[in-house]
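First up is the structure itself, then whatever we jot down about it.
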Amino acid sequence: MSHIPPATISRRRALGLSVGLVAGAGLWAAGTGAAGAAVAEPASPQQWNGTRSANGWPVLREASEQRVEGAEGVVVRLAEGEVATVLLYIARRFAYEVDMLRPGDLAGHTTERDIRSAFESNHLSGTALAIRPHFYPLGAQPGTGMDEREKTIVKDILADCQGVVAWGGGLRPTKESHFHIDVPPGDTRLRHLAARIQGWDSAPGQGAGTVDAFAPARMHRANALH
């Protein structure tokens, strides 16, 4: 396993915990994917009434519980198959390289239709994952979220995902805890990425737990994509 600088709770993260939600999106029409401009206060929760989430995936009544390998007792409900393979890879990378996950750190599928931003509807289809959403809430003030070390790791993860995954740190309103599948059902890019991750998992010295996100070549690759 590579040598990564030790994970710490940064001053900015601690501030993020205390301030909570301080900015948000404009109101969302129920079941649509059109955003308003960011406002000073969080938007009131709106009902998502569509049969599909914002990324085009069907809303699920239930999703199976998935175990995060390497993080004892940590489970999350996600859409099965390729979606789960990709989102669990993100969770494992976070656990190995940022900070070990604990039970309750992850949010996945939900049947709760109250959302504050359209991309949060992707939880309804089991195609979204939030890692410690209370640490990195929707619309957090600049400077209170992930530090530069954590962002470097996230950028490397996104580079591995090759456009299949969207990160809330690049969305508006910002939600750095949020990741979702950013291709529609049946897209071959998702299938190829899931197969690649499974190949890494079966090969010694590859995949989550062996990556050095700070290797110059990897940093160059990640920065070229952002």
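The values are calculated or read from the model by the stated rules, or taken from the named source; none is laboratory data. Here the structure is a predicted model, which is why all the values come from computation and not from measurement. We place every Cβ from the backbone using ideal geometry, glycine too, and count neighbours over all the protein chains shown. Accessible surface is based on the protein model in full, side chains and every heavy atom, while ligands, DNA and RNA are left aside. Shrake-Rupley method; radii C 1.70, N 1.55, O 1.52, S 1.80 Å.
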query = Of the conditions (1) surrounded by 17 or more Cβ atoms within 10 Å (Cβ to Cβ); (2) in contact with a Pro (Cβ under 8 Å, 6 or more places away or on another chain); (3) at pLDDT 95 or above, residue 139 fails just one. Which one is it?
reply = (3)
Odd one out for residue 130, checked against (1) of a type in the set (Gly, Ala, Ser); (2) out of contact with any His (no Cβ under 6 Å at 6 or more places or on another chain); (3) under 22 Å from residue 85 (Cβ atoms) = (2)
task = From (1) more than 22 Å from residue 219 (Cα to Cα); (2) open to solvent by less than 20 Å² (accessible area, probe 1.4 Å), pick out the condition that doesn't hold for residue 166.
result = (1)
key: Of all residues making up the stretch 94-109, the number that are open to solvent by 10 Å² or more (accessible area, probe 1.4 Å) and either among the acidic types (Asp, Glu) or within 16 Å of residue 137 (Cβ to Cβ) (or both)   = 5
remark   = Over the stretch 169-200, the set of residues surrounded by fewer than 18 Cβ atoms within 10 Å (Cβ to Cβ) and outside any helix (DSSP H, G or I) is 172, 184, 185, 186, 187
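Can you name the residue in the stretch 150-159 that is within 14 Å of the chain's Cα centre (by Cα) and open to solvent by 10 Å² or more (accessible area, probe 1.4 Å) and is also farthest from residue 127 (Cα to Cα) among such residues?
Of the stretch 150-159, the ones within 14 Å of the chain's Cα centre (by Cα) are 150-151, 153-159.
Narrowing the set further to residues that are open to solvent by 10 Å² or more (accessible area, probe 1.4 Å) leaves 151, 155, 158.
Working: 151: 22, 155: 19, 158: 16 Å.
Filtering the stretch 150-159 for residues that are within 14 Å of the chain's Cα centre (by Cα) and open to solvent by 10 Å² or more (accessible area, probe 1.4 Å), the one farthest from residue 127 (Cα to Cα) comes out as 151.
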query = What single numbered condition from (1) open to solvent by less than 10 Å² (accessible area, probe 1.4 Å); (2) closer than 17 Å to residue 180 by Cα; (3) not in a loop (DSSP other than H, G, I, E, B); (4) not aliphatic (A, V, I, L, M) fails to hold for residue 77?
reply = (1)
task = Of the conditions (1) crowded, with 22+ Cβ neighbours inside 10 Å; (2) touching a helix residue (DSSP H, G or I) at 6+ places or on another chain (Cβ under 9 Å), residue 91 clears all except one; give me its number.
result = (2)
ask   = On the given criteria, is residue 10 at pLDDT 50 or above and among the hydroxyl-bearing types (Ser, Thr, Tyr)?
value = no
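Select from the stretch 110-136 the residues that are among the aromatic types (Phe, Trp, Tyr) and either surrounded by fewer than 23 Cβ atoms within 10 Å (Cβ to Cβ) or closer than 25 Å to residue 197 by Cα (or both) and list them in ascending order. Steps first, please.
Of the residues in the stretch 110-136, the ones among the aromatic types (Phe, Trp, Tyr) are 119, 135-136.
Listed by number, the residues that qualify are 119, 135.
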